[in-house]
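Below you'll find the structure, written out as structure tokens, and then a few comments.
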Amino acid sequence: MHRAPALVVVGLLAVAGAFAAPSARGASPDVLVSQVFAGGGNAGAPYSNDFVELFNRGSTAVDVSGWSVQYASATGTSWQVTALAGSIAPGRHYLVQLASGGTVGAGLPTPDATGTSNLAVSGGKVAVVRSATALTCGATAGSCSAVTSVADLLGYGGATDFEGSVAPAIDNATAATRASGGCVDTDANGADFTSAAAAPRNSASAALTCGTEPPPEGSASQSATVDVDIQSVLSIALERPTVSFGNATTGSTPTPVSERVTVTSNNAAGYSVTAHRTAFQPADLPLGVAGTAPAGGQIGPALAGGATAAIPIPPATDLLVGTTAARSAAAGDLWDTRLGFVSPLPVVPAGRYTATVTFTVIGR
């Protein structure tokens, strides 16, 4: 079979995929936010009060008695409640007058409801709620849309909660304005709203009829290519990156030093472990290796019986440390090898002598 040598871990798994955002709830069938103005009374403002404009895009009147318009700051979860009363006829707007930041600007058309909430130009959240109970949501996107009493939600500017995507920022002269007079609702604030000149409308304003579109027919589909690169796992790890025999004298045989080898392989046919080295510099020394095999492994013939075998220098063939005929253990196979010398150190000049030993694992 094909042999694949490895000195380091070579197996990595990569998966390509897609993550889908949670589905938005259905578009509001009737009452929704059509305009929000937050610059009331500020420098350059066209109107003296903040306002929220509602619109009934449905085909029947909606009684909003007991409902409320609620406001929270961009990142806040404490909501200010403004009670609503009466009903909104189909195609009609409903004006909620709120606080003033100064004396600049004209008065609003006659409001249909009033409140004291002071909206922030930099960003905030406005909700139409089918009750007068203050909300506690809004810290994260989608948290208020999950509340069943919320009929519609607008997050603008720096808001942390919104429908689909946040609406654009506004200023002292502009309002967050829903497209087509309030008719458009795709449950994506960023797509439904633009920043436009404030133009408040109340229940006395002219009625607006929203066009209808036939439901889509047939079906549509799109394909995605999915791939995964699966590679064999074949790795080798050494107990020590550096092996030192310390001080020794010529004619002595230094005590062997442990250099255990851990092999991980998912190859069902097993693997082989070999070793070679470079020559010691400035003069060569008789380095060798001894060891025992892990459970299920077979020690190489030259190391049988606990023998210490000389480690060859290329171009000589690698020394076979051992083989297996199966996958490694889950935590890897431990080859208990020891580096030592096959004969006493020769007479050489005093100094530091260095070489490099390389262990290699080869898939079978």
**Report entry** Failed condition for Gly123, given (1) without any contact (Cβ under 8 Å) to a residue 60 or more places away in the chain; (2) open to solvent by 40 Å² or more (accessible area, probe 1.4 Å); (3) on the phi > 0 side of the Ramachandran plot
**Finding:** (2)
Query raised in the report: Can you tell me which residue in segment 147-165 is nearest to the chain's Cα centre (by Cα), limited to those that are free of Cβ contacts under 8 Å to residues at least 40 places away in the same chain and open to solvent by 40 Å² or more (accessible area, probe 1.4 Å)?
Result: Ser165
Query raised in the report: What about Gly363, is it within 49 Å of the chain's Cα centre (by Cα) and either more than 20 Å from Thr255 (Cβ to Cβ) or charged (D, E, K, R) (or both)?
Result: yes
Query raised in the report: Considering only segment 128-144, how many residues are buried (at least 20 other Cβ atoms within 10 Å of the Cβ) and in contact (Cβ under 8 Å) with a residue 60 or more places away in the chain?
Result: 4
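What residue, of Gly26, Gly58, Gly11, is assigned to a loop (DSSP other than H, G, I, E, B), at pLDDT below 95 and over 38 Å from the mean Cα position of the chain (by Cα)?
Details: Gly26 fails: over 38 Å from the mean Cα position of the chain (by Cα); Gly11 fails: over 38 Å from the mean Cα position of the chain (by Cα).
Sole residue among the options that is assigned to a loop (DSSP other than H, G, I, E, B), at pLDDT below 95 and over 38 Å from the mean Cα position of the chain (by Cα): Gly58.
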Report task. From the list Thr274, Thr264, Thr225, pick out the single residue that is over 39 Å from the mean Cα position of the chain (by Cα) and of a type in the set (S, T, N, Q). Result -> Thr274
Query raised in the report: Just wondering, is there one or more residues in segment 338-349 that are surrounded by 15 or more Cβ atoms within 10 Å (Cβ to Cβ), of a type in the set (Val, Ile, Thr) and within 29 Å of Ser232 (Cα to Cα)?
Result: no
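Counting only residues that are within 29 Å of Asn247 (Cβ to Cβ) and either modelled with pLDDT of 95 or more or not hydroxyl-bearing (Ser, Thr, Tyr) (or both), give me the strands (runs of 3 or more DSSP E) lying completely in segment 290-360 with at least 1 of them. Step through it out loud before you land on a result.
Details: elements: 297-299, 319-324, 333-341.
Result: 319-324, 333-341.
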Report summary line: Matching residues in segment 56-94 (open to solvent by 20 Å² or more (accessible area, probe 1.4 Å) and of a type in the set (Ser, Thr, Tyr)) number 8
Report summary line: In segment 307-364, residues that are of a type in the set (Lys, Arg) and closer than 15 Å to Gly288 by Cα total 1
**Report entry** Hey, Ser195 at pLDDT 95 or above, hydroxyl-bearing (Ser, Thr, Tyr), in a strand (DSSP E or B) and open to solvent by 50 Å² or more (accessible area, probe 1.4 Å) or not
**Finding:** yes
Query raised in the report: Any chance segment 300-311 includes a residue that's open to solvent by 40 Å² or more (accessible area, probe 1.4 Å), closer than 15 Å to Pro254 by Cα and free of Cβ contacts under 8 Å to residues at least 12 places away in the same chain?
Result: no
Query raised in the report: Picking from Ser252, Ser272, Ser244, which residue would you name as being of a type in the set (Gly, Ala, Ser) and closer than 25 Å to Ala329 by Cβ?
Result: Ser272
Report summary line: Filtering segment 312-330 down to residues that are open to solvent by 60 Å² or more (accessible area, probe 1.4 Å) and in contact (Cβ under 8 Å) with a residue 60 or more places away in the chain yields Arg327
Query - Hits in segment 265-285 (condition: within 29 Å of Thr324 (Cα to Cα) and open to solvent by 40 Å² or more (accessible area, probe 1.4 Å)) - result: Asn266, Asn267, Ala268, His276, Thr278
Query raised in the report: What do you reckon, is Val233 farther than 25 Å from Leu287 by Cα, loosely packed, with under 12 Cβ neighbours inside 10 Å, of a type in the set (Val, Ile, Thr) and at pLDDT 85 or above?
Result: no
**Report entry** First in segment 64-78 and within 17 Å of Ala89 (Cα to Cα), second anywhere and charged (D, E, K, R) and open to solvent by 20 Å² or more (accessible area, probe 1.4 Å), Cβ under 8 Å, 6 or more apart
**Finding:** Gly66/Arg130; Trp67/Arg130
Query raised in the report: For segment 141-152, does any single residue satisfy the condition of being of a type in the set (A, V, I, L, M, F, W, C), touching a Cys at 6+ places or on another chain (Cβ under 8 Å) and part of a strand (DSSP E or B)?
Result: yes
Report task. Could you please give the count of residues in segment 246-264 that are open to solvent by less than 60 Å² (accessible area, probe 1.4 Å), more than 17 Å from Leu319 (Cα to Cα) and assigned to a loop (DSSP other than H, G, I, E, B)? Result -> 5
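The values are calculated or read from the model by the stated rules, or taken from the named source; none is laboratory data. Because the structure is predicted, anything quoted here is derived from the model rather than measured. Virtual Cβ from ideal backbone geometry, glycine too; neighbours counted across all protein chains shown. Side chains are part of the model used for accessible areas, which takes the heavy atoms of the whole protein and leaves out ligands, DNA and RNA. Shrake-Rupley method; radii C 1.70, N 1.55, O 1.52, S 1.80 Å.
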